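The values are calculated or read from the model by the stated rules, or taken from the named source; none is laboratory data. Here the structure is a predicted model, which means the values were calculated and not measured. Heads up, the Cβs are rebuilt from the backbone with ideal geometry, glycines too, and the neighbour counts pull from every protein chain shown. Each accessible area value is taken on the protein alone, full model and side chains, heavy atoms only, with ligands, DNA and RNA left out. Shrake-Rupley method; radii C 1.70, N 1.55, O 1.52, S 1.80 Å.
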Amino acid sequence: MQKVCLTVNGREVSAEIDERTLLLEFVRDVAGLTGTHNGCLEARCGCCVVEVDGDVVKSCNVLAVQVDGAEITTIEGLAPQRLAPVDQITTQSLAGVYRPVEAVRGTPEDLHPVQAAFHRCHAVQCGFCTPGMVMVLKDYLEENPEPTRDDVRRAIAGNLCRCTGYQHIVDAAMEAAAEMRGERVPDRPTHGSTDGA
Amino acid sequence: MRPFTWLTPETTEEAVALLRAHGEGARVIAGGQTLLLAMKERLVGPSHLVSLARITDLAGITTEPDGALVVGAATTYAALTRAELPGWQRRLSEVAGDLADRPVRNRGTIGGALCAADPRFDMPAFAVGVDAELRISGAAGERALPAHEFLVDAGRTALGQDEILTAVVLPPLPTWDVVVFEKFRHRVFDAAIASAVCALRREDHGVPASLRITVAGATPTPTVVLVDAAADGAAAAESAVAAVRLDSSDEATRYRRELVHTLVRRVVDRAHAQQGSV
C-alpha cells in the first residue's frame with residue numbers, strides 16, 4: 001500500500017491505495033468523480049482523459065502513484081456548476097451540462113465553450129466518449145486557437161466515438177474554437193456539411 | 001496486473017543501485033505507456049518498479065559544444081514536439097509529434113520507446129536512421145552504444161539488468177544535410193506497419209557523399225541498407241527490399257515488401273530533391 005495525495009479539481013484527496021491503482025480508478029472510486037469514463041482500459045478509446053498538471057493523459061494508462069502530488073482536472077472541473085452532483089443521467093449531464101439550457105454559450109460560471117458547443121451542435125449521442133473528447137479538445141484548442149477541420153480530427157485521433165461519426169464533434173470543436181477566439185457564435189447550431197469547410 | 005513495490009529514486013545512481021538490489025524482477029518505468037499495457041495484460045509482472053519521474057536530469061534537451069544534441073531518455077514526446085531544434089535535428093520534433101495521440105504523447109518518452117524496442121515504433125527507426133548514440137549508466141559505470149547495436153531483437157535491447165538508458169545523442173548537424181522520415185499506418189494513432197529513414201550528406205558541390213537508408217517495422221530491428229550515395233529512389237528501393245529479406249509469399253509479407261519499396265523510394269527521392277541543409 002502506498003499513500004497518494006492528489007488535488008482533484010481543486011480539492012485535496014488523499015488515500016492509502018494499492019500500488020496497482022490506476023489514476024482512472026483513483027478519480028472514479030477514491031475521489032468519487034464518475035464523469036471520467038472507463039472505456040477500454042488499454043489507452044485506445046480516450047474516454048478516460050483527464051488533465052495532470054495541465055497536460056491531458058489517458059488516466060487508464062497511468063498509475064496513481066506516478067502522479068502523486070499532481071493537480072488533476074476532470075470533466076467535472078471544467079466549470080464550477082458541474083461540481084454539483086448528478087441526480088439523473090441525461091444527454092445534458094453526459095455533456096457535463098447539469099441544468100437545462102437553451103442555446104447555451106460558454107461563460108466562466110456556466111460552461112466551458114467546448115461543452116457549450118457540444119450541446120449546441122448535438123455532438124453527444126450516447127455520451128460515453130464525451131468527457132474524453134471535451135478534455136482533449138479543450139487542451140488542444142487552448143494551444144491551437146485556429147485549427148482546420150483536419151487538425152481537429154488529428155487532435156481527437158486517440159478518442160473513439162461509435163455513435164456520431166465524428167461530424168458533429170468536429171462541428172462543435174470548430175464552433176468552440178471560434179468562441180474561444182472571442183468571436184460570436186450563432187444561437188443555433190451550424191452544421192458543416194462537408195469536411196472541406 | 002501483478003502486485004509490485006513502487007520505488008522512486010532521486011538520482012540515476014540510486015536507481016541503478018535499486019535495480020541491482022532487486023535483481024531480475026525489477027523494471028524501470030518512465031512514462032509507462034508501453035510497460036503498463038503489458039503489465040495489465042500480464043505479459044510482464046515486475047516485482048519492483050523503479051520510477052524515473054523524480055530524476056530531473058533525465059528529461060530535457062541540451063546541445064554539446066560540437067553540436068551533438070543530447071536528449072534525456074525521459075523526455076516526453078510532447079516536450080520533443082515543442083522543442084525548437086536546428087536543421088535536420090528538427091525531424092525529431094516532427095516524428096515525435098506525429099505518433100500515437102495527444103494524451104499518450106504527454107506521457108510517452110523517447111527512452112521508453114527505445115527500451116521497449118518494438119519494431120513498429122518510430123523512435124528506434126529514427127535513432128538508427130540518423131546513427132544516434134545511446135548513453136547508458138550502470139553499476140559498472142557509463143557506456144555508449146550506437147542505436148543499431150542497442151536494439152538486439154524485437155523487444156530486446158543490449159541493456160544489462162542494472163543499467164539505465166540515460167540519453168539519446170543525435171550527431172552534430174554537419175553529419176547530415178537532409179533527413180527524411182516516412183511511415184505507413186492505417187489509422188493516425190496506430191504504430192507503423194513499416195517506416196523508412198533516409199539521411200543524406202552532400203559534398204561541397206552538392207554531390208551526394210553518403211546515403212544512409214534505414215527500414216523499420218518489417219524486420220525485428222531497424223535494418224540499415226547499404227547503397228551507393230548516388231542511388232536514386234528506385235534503385236534504393238530495390239536494395240532495401242533485398243536487404244530486409246521478406247521472402248515469404250503470404251499476403252502480409254507481400255504487403256510489407258510493397259510498403260518498404262514505396263517508402264524507401266519516397267524518402268530517397270525526397271532527400272535528393274531537397275536543396276541545401278534541412
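Might you let me know whether segment B:145-162 holds any residue that is closer than 19 Å to B:Ser93 by Cβ, surrounded by 19 or more Cβ atoms within 10 Å (Cβ to Cβ) and in contact (Cβ under 8 Å) with a residue 12 or more places away in the chain?
Yes.
Condition check: modelled with pLDDT of 95 or more and part of a helix (DSSP H, G or I). Does B:Ala144 satisfy that?
In short, no.
Could you check segment B:76-115 and list, in sequence order, the residues that are away from every other protein chain (no Cβ under 14 Å) and farther than 24 Å from B:Gln274 by Cα?
B:Ile110, B:Gly111, B:Ala113, B:Leu114, B:Cys115 - these are the residues of segment B:76-115 that are away from every other protein chain (no Cβ under 14 Å) and farther than 24 Å from B:Gln274 by Cα.
Given the criterion closer than 27 Å to B:Arg212 by Cβ, crowded, with 24+ Cβ neighbours inside 10 Å, in contact with a Phe, Trp or Tyr (Cβ under 6 Å, 6 or more places away or on another chain) and in the same structural domain as B:Glu163 (by TED's automatic domain parsing), identify the matching residue among B:Gly108, B:Gly129.
Details: B:Gly129 fails: in contact with a Phe, Trp or Tyr (Cβ under 6 Å, 6 or more places away or on another chain).
None of the others qualify; the one that does is B:Gly108.
How many of the residues in segment B:15-58 are out of contact with any helix residue (DSSP H, G or I) (no Cβ under 6 Å at 6 or more places or on another chain), without any contact (Cβ under 8 Å) to a residue 24 or more places away in the chain and more than 10 Å from chain A (Cβ to nearest Cβ)?
Here the count works out to 6.
B:Leu37 fails exactly one of the following numbered conditions: (1) within 16 Å of the chain's Cα centre (by Cα); (2) of a type in the set (A, V, I, L, M, F, W, C); (3) at pLDDT 95 or above. What is the number of that condition?
So B:Leu37 meets the others, but not (1).
Would you say A:Pro145 is within 24 Å of A:Ala178 (Cβ to Cβ), at pLDDT 95 or above, of a type outside the set (S, T, N, Q) and not in a helix (DSSP H, G or I)?
For A:Pro145, the condition - within 24 Å of A:Ala178 (Cβ to Cβ), at pLDDT 95 or above, of a type outside the set (S, T, N, Q) and not in a helix (DSSP H, G or I) - is met.
What are the pairs with Cβ atoms under 6 angstrom where one residue, in segment A:153-177, is in the same structural domain as A:Gly132 (by TED's automatic domain parsing) and the other, located anywhere, is open to solvent by 10 Å² or more (accessible area, probe 1.4 Å) and small (Gly, Ala, Ser)? Sequence gap at least six, or different chains.
A:Asp171/A:Gly192
Determine if segment B:256-277 includes at least one residue that is outside any helix (DSSP H, G or I) and open to solvent by 70 Å² or more (accessible area, probe 1.4 Å).
Looking for residues that are outside any helix (DSSP H, G or I) and open to solvent by 70 Å² or more (accessible area, probe 1.4 Å), one finds at least one in segment B:256-277, hence yes.
Out of segment B:93-120, which residues are under 15 Å from B:Glu182 (Cβ atoms) and hydrophobic (A, V, I, L, M, F, W, C)?
B:Val95, B:Leu99
If I filter segment A:50-77 down to residues being facing chain B (nearest Cβ under 10 Å) and farther than 24 Å from B:Phe4 by Cα, which single residue comes out as nearest to the chain's Cα centre (by Cα)?
Checking each candidate, the answer is A:Val50.
Looking only at residues in segment A:162-187 that are open to solvent by less than 10 Å² (accessible area, probe 1.4 Å) and closer than 26 Å to A:Cys40 by Cα, which one is farthest from the other protein chains (Cβ to nearest Cβ)?
Going through the qualifying residues, I end up with A:Asp171.
List pairs: first in segment A:17-32 and within 11 Å of another protein chain (Cβ to nearest Cβ), second small (Gly, Ala, Ser), Cβ under 7 Å, 6+ apart or cross-chain?
A:Ile17/A:Ala64; A:Thr21/A:Ala64; A:Leu22/A:Ser59; A:Leu22/A:Ala64; A:Leu23/A:Ser59; A:Leu23/A:Ala64
Look through segment B:220-246, keep the residues that are more than 22 Å from B:His148 (Cβ to Cβ) and not in a helix (DSSP H, G or I), and return whichever of them is modelled with the highest pLDDT.
Step by step, filter segment B:220-246, then rank; the result is B:Asp232.
Tally up the residues in segment A:33-49 that are among the polar types (S, T, N, Q), open to solvent by 20 Å² or more (accessible area, probe 1.4 Å) and within 13 Å of another protein chain (Cβ to nearest Cβ), please.
Step one: of segment A:33-49, the residues among the polar types (S, T, N, Q) are A:34, A:36, A:38.
Narrowing the set further to residues that are open to solvent by 20 Å² or more (accessible area, probe 1.4 Å) leaves A:34, A:38.
From what's left, within 13 Å of another protein chain (Cβ to nearest Cβ): A:38.
Result for segment A:33-49: 1.
Kindly indicate whether A:Asp87 is modelled with pLDDT under 95, over 17 Å from the mean Cα position of the chain (by Cα) and more than 20 Å from B:Ala78 (Cβ to Cβ).
Against the criterion (modelled with pLDDT under 95, over 17 Å from the mean Cα position of the chain (by Cα) and more than 20 Å from B:Ala78 (Cβ to Cβ)), A:Asp87 qualifies.
Could you tell me whether segment B:194-212 includes any residue that is modelled with pLDDT of 95 or more, of a type in the set (Val, Ile, Thr) and farther than 22 Å from B:Gly32 by Cα?
Scanning segment B:194-212, I find at least one residue that is modelled with pLDDT of 95 or more, of a type in the set (Val, Ile, Thr) and farther than 22 Å from B:Gly32 by Cα, so the answer is yes.
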